[in-house]
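The values are calculated or read from the model by the stated rules, or taken from the named source; none is laboratory data. All values reported here derive from a predicted model rather than from experimental measurement. Quick reminder, even Gly has a Cβ in these numbers, built from the backbone with ideal geometry, and neighbours come from all protein chains shown. Heavy atoms of the whole protein, side chains included, go into the accessibility calculation; ligands, DNA and RNA do not. Shrake-Rupley method; radii C 1.70, N 1.55, O 1.52, S 1.80 Å.
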Amino acid sequence: MATTRTVKIGPVEIGGSDLVVIAGPCSIESQQHLQDVATAVKSRGATILRGGIYKLRTQPDSFQGLGHDALKMVTEVRRQLDIPLISEVTDPRQISDMVDAVDAFQVGSRNMHNYELLKELGRTRLPVMLKRGFSGLIKEWLHAADYILQGGNEAVILCERGIRTFETTTRNTFDLNAVAWIRQNTPFPIVADPSHATGDSNLVTPMALAAAASGAHALMVEVHPEPIKALSDGFQALNYSQFEDLMNRLDRLMPALGRNLKVKI
Ligand code: PEP
Ligand code: MN
């Protein structure tokens, strides 16, 4: 078993024994929206907030995120609620503005091979969560992580978010082999994202429990007050009561695995 190098997002450590839950909307829709979701997930035990500012959508007509306008909103919500936030960076030109507004950068699945972005993130001082490309081999994913390390930034976290296989009934195939393998063979903390891996809110809870059992250090889950109205990925978002149910189940499961669910920042 490799020793994991722990990484802190704000004050929250990922890679230790406690299971960390990162939750929030796919996209930030307004300041009120982010504040509402942040309050809901924090009060139910999430210790890191997620929220998309810049979105990379498959279709150009889909909602692309609020972009630059959302930077002030996240700064305000982080301050008011005292919760660290992670958000996706899609272009190296966004880094200088984002660096004071977020606690960690997320690199999305579509950018795992964007080496110029990875090199630039290697020069920053914030942690980087590198999502696996949906067609990325584990060894390509690790090479991508090396681009960040070689720039001088050692605070790298990996995130398994499902891969594309011959199966089309679910959005992706959740590669939990990869979660156990990364945990045993690399020094990187590993996050599992059952929302993008399944693409179906009904499957998120069972697969979140499975990911926790497979050894993930953290889970990332999309939550929305009214999933049906979400501007992106509503079909896979948990509502507040579903999220509460997930947290209760995790709280009961983790001691059986010799770990605890982290619920306080
Ligand atoms: C996301 O986290 O909202 C996202 C776009 O994920 P991925 O890059 O894994 O598709
Ligand atoms: Mn999403």
- Task: Please specify each residue of the range 106-129 satisfying the condition of being closer than 21 Å to residue 64 by Cα and more than 16 Å from ligand 2 (Cβ to nearest atom).
- Result: 113, 114, 117
- Query: Can you name the residue in the range 1-48 that is away from ligand 2 (no atom under 16 Å from the Cβ) and hydroxyl-bearing (Ser, Thr, Tyr) and is also farthest from residue 245 (Cα to Cα) among such residues?
  - Reply: 3
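Taking the options 85, 56, name whichever one is under 18 Å from the mean Cα position of the chain (by Cα), within 16 Å of ligand 2 (Cβ to nearest atom) and modelled with pLDDT under 95.
56
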- Item | Failed criterion for residue 179 (all others in (1) among the β-branched types (Val, Ile, Thr); (2) more than 25 Å from residue 57 (Cα to Cα); (3) within 16 Å of ligand 1 (Cβ to nearest atom); (4) open to solvent by 10 Å² or more (accessible area, probe 1.4 Å) hold) | (4)
- In the range 16-45, how many are closer than 20 Å to residue 214 by Cβ, small (Gly, Ala, Ser) and open to solvent by less than 10 Å² (accessible area, probe 1.4 Å)? 1
- Message: residue 55 - would you say it is part of a loop (DSSP other than H, G, I, E, B), under 19 Å from residue 221 (Cβ atoms) and either touching a Ser or Thr at 6+ places or on another chain (Cβ under 8 Å) or touching a residue at least 12 places away in the same chain (Cβ under 8 Å) (or both)?
- Response: yes
- Note on the structure: Within the range 182-207, residues within 16 Å of ligand 2 (Cβ to nearest atom), over 21 Å from residue 227 (Cα atoms) and open to solvent by 40 Å² or more (accessible area, probe 1.4 Å) come out as none
- Task: Check the range 69-81 and report whether any residue there is in a loop (DSSP other than H, G, I, E, B) and more than 14 Å from ligand 1 (Cβ to nearest atom).
- Result: no
- Mind counting the residues in the range 30-50 that are in a loop (DSSP other than H, G, I, E, B) and either within 13 Å of residue 72 (Cα to Cα) or among the β-branched types (Val, Ile, Thr) (or both)? 2
